[in-house]
Amino acid sequence: MKRLSVWLGAMCAVCLALADGAHAQGQVTPQDEAMNTLRAGVPREQDRSIVDDWIALQLSKLRDALGNPILIPGARKDFYASFNTQYNHEGNTPAFKQMFAQQVGAMFAKEYAKGQQLEPIVAHTMARQLLRMQDLDTREALYAGLTSTDQVVQYLSAQALVKLQAKIAADPQLTAQVLQKLGAAAKAAGNGMVAWEFYEAAAIPGREADVVPVILAIMDARLAMMRGGATTLDRGEIPALRYLAQAQKDGKLDQNLRTQVVQRLAPLLRIHTERLGMEGITQDERVAVEETIDTTEDLLKQITRPDKAPDVAGKMADGSNAAINMQIELIQWIGGPDTAGILNKAPWNVPAGAP
């Protein structure tokens with residue numbers, strides 16, 4: 001009986017501790033009370049500090065859990081729930097909701113500015129919250145996320161801009177701003193999944209003259225990475241190639257843009273064709289490389305319309321002879337030391353070998 005009493009006493013202590021913890025979790029803080037007062041009226045500029053204090057408290061709660069991996073999932077869940085409750089509260093005035101989103105953007109941008117000193121879990125949680133909100137008033141953080149040192153944050157920030165694309169496209173000034181930010185962040189798009197989202201975010205319909213230079217800036221950064229000895233290739237360029245193909249089909253590319261596009265497609269085709277002939281390529285990478293070759297060459301044919309187009313992609317099924325036969329077709333496009341290719345001539349002016 002004595003042992004049972006001790007055991008029951010210990011269990012009751014645990015229950016009380018859990019109850020206290022649950023109570024603390026649901027406790028209304030002074031910051032919550034200030035937000036409840038603020039949401040009912042018309043917030044003033046000086047009230048932004050109230051929102052900042054509330055956001056800072058949520059970040060602090062999340063960080064408090066980082067020392068114990070068991071607590072992290074619950075802390076992230078609470079973080080999302082807290083922000084969603086504030087953002088979607090039925091008592092929000094439009095002015096409060098706008099201010100809340102703006103301050104989330106400003107505060108999260110400050111966090112991203114910490115670079116590698118920012119804890120990855122905090123960085124990822126913030127990025128996912130921004131994606132959940134899908135609010136243009138958070139764009140300060142989305143722009144900062146594009147140049148984050150964390151690839152997950154880059155990916156999620158670009159993905160949020162993709163989700164907001166219809167609203168962005170409706171505002172010419174905002175479209176120009178988003179494209180400028182994507183172009184400035186182009187060098188961050190090294191990872192294939194990140195590049196995919198960057199291209200998708202830039203592919204704003206009806207703005208080809210503004211979009212294509214940004215797509216080419218992203219592609220330049222990717223080509224520089226590939227030339228630098230990327231160990232594997234991926235499908236990252238597929239959204240760009242699809243956008244450019246549609247722009248060409250719709251007659252939206254003038255001669256200057258067509259030339260610029262071809263001057264990127266040539267090295268892209270060369271790099272992928274050479275990779276397919278190398279050892280150590282996995283099946284997944286092979287599939288990605290073959291798709292990129294096929295899509296790239298098809299676009300080259302659409303733009304340049306040669307009398308007799310080379311057919312690199314058509315030689316991919318040549319078994320043991322595929323590598324050499326693809327190389328022969330490639331040289332007809334890009335030329336070599338002793339042979340001029342279709343793309344070496346005006347108006348394309350691709351250097352021999354498409355370096």
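Only one of these is closer than 20 Å to Val261 by Cα and either in contact (Cβ under 8 Å) with a residue 40 or more places away in the chain or surrounded by 14 or more Cβ atoms within 10 Å (Cβ to Cβ) (or both): Gly336, Gly341. Name it.
On the way: Gly336 fails: closer than 20 Å to Val261 by Cα.
Residue meeting the stated conditions: Gly341.
Quick check on my filter: what residues within the stretch 69-103 are of a type in the set (D, E, K, R) and within 24 Å of the chain's Cα centre (by Cα)? First the steps, then the outcome.
Filtering the stretch 69-103 down to residues of a type in the set (D, E, K, R) leaves 76-78, 90, 97.
Residues satisfying the conditions are Arg76, Lys77.
Quick one: which helices (runs of 4 or more DSSP H) sit completely within the stretch 70-147 and have at least 3 residues that are on the phi < 0 side of the Ramachandran plot and aromatic (Phe, Trp, Tyr)?
On the way: elements: 72-87, 94-112, 120-133, 139-146.
Ranges flagged: 72-87, 94-112.
Val287 - would you say it is surrounded by 14 or more Cβ atoms within 10 Å (Cβ to Cβ) and modelled with pLDDT of 95 or more? Give the steps one after another, and end with the answer.
Details: surrounded by 14 or more Cβ atoms within 10 Å (Cβ to Cβ): no; modelled with pLDDT of 95 or more: yes.
No: the conditions fail for Val287.
Report whether or not Arg275 is of a type in the set (Lys, Arg), under 22 Å from Asp234 (Cα atoms) and surrounded by fewer than 17 Cβ atoms within 10 Å (Cβ to Cβ).
Values: of a type in the set (Lys, Arg): yes; under 22 Å from Asp234 (Cα atoms): yes; surrounded by fewer than 17 Cβ atoms within 10 Å (Cβ to Cβ): no.
In short, no.
Pick out, from the stretch 198-280, the helices (runs of 4 or more DSSP H) lying fully within it that include 1 or more residues that are within 18 Å of the chain's Cα centre (by Cα).
On the way: elements: 208-227, 238-249, 255-276.
Where helices (runs of 4 or more DSSP H) fall fully within the stretch 198-280 and carry at least 1 residues being within 18 Å of the chain's Cα centre (by Cα), they are 208-227, 238-249.
Cβ-Cβ below 9 Å, separation at least six or inter-chain, first residue in the stretch 116-131 and among the acidic types (Asp, Glu), second surrounded by fewer than 16 Cβ atoms within 10 Å (Cβ to Cβ): which pairs?
Glu119/Arg63; Glu119/Leu66
Which number in (1) more than 23 Å from Ala352 (Cα to Cα); (2) at pLDDT 95 or above; (3) loosely packed, with under 15 Cβ neighbours inside 10 Å marks the one condition that Glu208 misses?
(3)
Can you tell which of Val194, Val162 is crowded, with 17+ Cβ neighbours inside 10 Å and more than 15 Å from Ala221 (Cα to Cα)?
Of the residues listed, the single one that is crowded, with 17+ Cβ neighbours inside 10 Å and more than 15 Å from Ala221 (Cα to Cα) is Val162.
With respect to the numbered conditions (1) part of a helix (DSSP H, G or I); (2) closer than 18 Å to Asp137 by Cα; (3) not polar (S, T, N, Q), which one is the sole condition not fulfilled by Val42?
(1)
Would you mind telling me which numbered condition in (1) under 14 Å from Asp137 (Cβ atoms); (2) small (Gly, Ala, Ser); (3) at pLDDT below 95 Gly91 fails?
(1)
Which residues, taken from the stretch 150-179, are among the charged types (D, E, K, R) and not in a helix (DSSP H, G or I)?
Pass one, the stretch 150-179, residues among the charged types (D, E, K, R): 150, 163, 167, 171.
Asp150, Asp171 - these are the residues of the stretch 150-179 that are among the charged types (D, E, K, R) and not in a helix (DSSP H, G or I).
Results for (1) under 29 Å from the mean Cα position of the chain (by Cα); (2) in a helix (DSSP H, G or I), shown as yes or no for each residue.
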| residue | (1), (2) |
| --- | --- |
| Gln27 | no, no |
| Thr37 | no, yes |
| Asp47 | no, yes |
| Val51 | yes, yes |
| Ala56 | yes, yes |
| Ser60 | yes, yes |
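Can you list residue pairs whose Cβ atoms sit under 7 Å apart, with the first residue in the stretch 310-323 being within 16 Å of His272 (Cβ to Cβ) and at pLDDT 90 or above and the second being surrounded by fewer than 14 Cβ atoms within 10 Å (Cβ to Cβ) and not charged (D, E, K, R)? Count only pairs 6 or more apart in sequence or on different chains.
Ala323/Gly277
Can Lys187 be described as at pLDDT below 95 and in a helix (DSSP H, G or I)?
On the way: at pLDDT below 95: yes; in a helix (DSSP H, G or I): yes.
Against the criterion (at pLDDT below 95 and in a helix (DSSP H, G or I)), Lys187 qualifies.
Do we have Val261 as buried (at least 21 other Cβ atoms within 10 Å of the Cβ) and more than 18 Å from Met193 (Cα to Cα) here?
Values: buried (at least 21 other Cβ atoms within 10 Å of the Cβ): yes; more than 18 Å from Met193 (Cα to Cα): yes.
Taking the combined requirement at face value, the residue satisfies it.
Does the stretch 305-324 hold any residues that are part of a helix (DSSP H, G or I) and surrounded by fewer than 18 Cβ atoms within 10 Å (Cβ to Cβ), and which are they?
Of the residues in the stretch 305-324, the ones part of a helix (DSSP H, G or I) are 313-315, 319-324.
Correct list: Gly314, Gly319, Ser320, Asn321, Ala322, Ala323, Ile324.
Could you check Val287 against (1) β-branched (Val, Ile, Thr); (2) outside any helix (DSSP H, G or I); (3) out of contact with any helix residue (DSSP H, G or I) (no Cβ under 8 Å at 6 or more places or on another chain) and say which number it fails?
Only one criterion in (1) β-branched (Val, Ile, Thr); (2) outside any helix (DSSP H, G or I); (3) out of contact with any helix residue (DSSP H, G or I) (no Cβ under 8 Å at 6 or more places or on another chain) is unmet by Val287, namely (2).
The values are calculated or read from the model by the stated rules, or taken from the named source; none is laboratory data. From a predicted model like this one, the values you see are computed outputs, not experimental measurements. Glycine also receives a Cβ, built like all others from the backbone with ideal geometry; neighbour counts cover every protein chain displayed.
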